[in-house]
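For reference, the structure discussed in these notes is given below.
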Amino acid sequence: MDKEKLLKKFGEKVKLKRAELKLSQEELAFKCGFDRTYISLVERGLRNTSLSNLSILAEGLNTTISSLTEDL
């Protein structure tokens, strides 16, 4: 799978999990200490997040890194 498709698929998983928790992008960003635009970029597959930010994001979504990256 190419990088663009991988990032887009990951972003879709983040967005789905955020929606399940009924969190806005702004609320998730606040929980994680990120800017709302960062969350938007991740969800649209336009940002390649670092491993440390992936860990923070998973914690903010009350899940694990493995569940966010499963089936990518």
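A few points about this structure:
- Being at pLDDT below 95 and either over 9 Å from the mean Cα position of the chain (by Cα) or polar (S, T, N, Q) (or both) is a property that Asp35 lacks.
- In the stretch 49-63, the residues that are among the hydroxyl-bearing types (Ser, Thr, Tyr) and open to solvent by 70 Å² or more (accessible area, probe 1.4 Å): Ser52
- When the stretch 18-31 is filtered for residues that are closer than 14 Å to Ile56 by Cα and within 12 Å of the chain's Cα centre (by Cα), the ones remaining, listed by number, are Arg18, Leu28, Ala29.
- Within the stretch 21-72, helices (runs of 4 or more DSSP H) holding 3 or more residues that are over 14 Å from Gly11 (Cβ atoms) and of a type outside the set (Asp, Glu): 25-32, 51-60, 65-69
The values are calculated or read from the model by the stated rules, or taken from the named source; none is laboratory data. A quick note: this is a predicted structure, and the numbers were derived from the prediction, not measured. Positions of Cβ are backbone-derived with ideal geometry, glycine not excepted, and every protein chain shown enters the neighbour counts. Side chains included, ligands, DNA and RNA excluded: accessible areas come from the protein's heavy atoms. Shrake-Rupley method; radii C 1.70, N 1.55, O 1.52, S 1.80 Å.
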